[in-house]
Amino acid sequence: MNRLVKLSAERRKQAEKILLEGKVIPTLMKYGEPEIIGSFALDVMYNPDIDIVVLTPNPQQSALGALNDFISQKRFQKYEYGDFVKFKRANRPQGFIINLHSHTTSPKWEIEIWFLKSITKEQRLHMRLKNKINDTNRNQILQLKQRRATRKLSKHDLSSMDIYRKAIKNMH
């Protein structure tokens with residue numbers, strides 16, 4: 001097993017523990033249909049972050065309810081809320097986001113949770129990739145993520161979705 005695949009497996013184990021101890025999925029199920037997406041779902045974890053989408057008929061109300069629950073549960077150190085419906089931003093879905101931060105672990109973890117009314121084009125891309133990914137693609141994605149990190153590019157400079165798009169292109 002190469003070093004990047006081993007790192008990805010270790011990150012995934014850490015992520016599973018954080019999700020379980022933080023009761024993340026059971027909390028989110030009260031507000032809609034949560035789906036873990038991104039590097040966790042594709043088994044290509046490089047950075048210590050987890051992406052979740054919650055489909056719900058009322059994204060703002062659901063996001064605020066979940067945020068209040070997480071704060072009350074006191075399982076994370078830091079909490080953030082964002083409104084991308086009123087304050088639209090390029091390359092961001094129109095929805096509401098909460099970020100949970102665990103700074104008591106090493107490395108520091110972030111859980112990014114989007115509350116949306118419907119599936120996004122990124123989720124559709126993610127589903128296509130999930131059905132096509134293999135060990136070769138997985139390794140290519142991990143190498144691209146490592147390159148992004150070593151070049152000190154942020155996820156906003158080169159998103160994981162851009163990396164996944166490149167991987168899908170190479171699969172044809």
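Structural remarks
- Tabulated pairs, the stretch 143-157, first farther than 20 Å from VAL5 by Cα, second at pLDDT below 80, C-beta under 8 angstrom, 6+ apart or interchain: HIS156/ASN91
- Qualifying positions in the stretch 102-140 - within 19 Å of PRO48 (Cα to Cα) and over 15 Å from the mean Cα position of the chain (by Cα): HIS103, THR104, THR105, SER106, PRO107, ARG138, ASN139, GLN140
- Tallying residues that are surrounded by 14 or more Cβ atoms within 10 Å (Cβ to Cβ) and in a loop (DSSP other than H, G, I, E, B) within the stretch 137-156 yields 1.
- Residue that is surrounded by the fewest Cβ atoms within 10 Å (Cβ to Cβ), among those in the stretch 46-88 that are touching a Gly at 6+ places or on another chain (Cβ under 6 Å) and of a type outside the set (A, V, I, L, M, F, W, C): ARG75
- Tally of residues being at positive phi and either at pLDDT 95 or above or of a type in the set (D, E, K, R) (or both) across the stretch 1-41: 2
- In the stretch 1-42, the residue that is nearest to the chain's Cα centre (by Cα) out of those that are more than 19 Å from ALA149 (Cα to Cα) and polar (S, T, N, Q) is GLN14.
- Selected residue (only one of SER106, SER118, SER102 is at pLDDT below 95 and closer than 22 Å to PRO26 by Cβ): SER102
- Checked against (1) without any contact (Cβ under 8 Å) to a residue 24 or more places away in the chain; (2) part of a loop (DSSP other than H, G, I, E, B), ASN91 passes all but condition (1).
The values are calculated or read from the model by the stated rules, or taken from the named source; none is laboratory data. Keep in mind it's a predicted model, so treat the numbers as computed, not measured. Note: ideal-geometry Cβ built from the backbone for every residue, glycine included; neighbour counts use all protein chains shown.
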